[in-house]
Amino acid sequence: MDDPQLRGRLVFLEVRVVLGVTGLEKVGGGAFDETVVWACLAFSLLFADIALQWQELRRTRPAPAKAVPASVVREPGLLGESAPV
């Protein structure tokens, strides 16, 4: 989504879908067209920002620590063993 022309085309498509599905294109001789364009543009920026923040939160979340069974953990010196060098 780094192509600004692609973003413009997507907003244009959103406007056409919103106007077509809701029937606002027939009301008032196009009085709602500009309002729908600005609303779609604003929501596209809002949703893009939310998506980027969500990705950032998922990326910086620390990985869960794995539990190590007590039988695996051995400390040298408890049973008279020497520490590995």
Report, by residue number, each residue of region 21-38 that is free of Cβ contacts under 8 Å to residues at least 12 places away in the same chain, aliphatic (A, V, I, L, M) and under 18 Å from LEU10 (Cβ atoms).
VAL21
Could you please tell me which pairs satisfy a Cβ distance under 8 Å, a separation of 6+ or placement on different chains, a first residue in region 41-59 that is within 16 Å of LEU6 (Cα to Cα), and a second residue that is aliphatic (A, V, I, L, M) and surrounded by 10 or more Cβ atoms within 10 Å (Cβ to Cβ)?
LEU41/VAL11; SER44/LEU10; SER44/VAL11
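Just so you know, all these numbers are worked out from the coordinates, no wet-lab data involved. Since we're looking at a predicted model, the values are computed, not measured. Don't worry about glycine lacking a Cβ; one is built from the backbone with ideal geometry, like all the others, and counts go over all protein chains shown.
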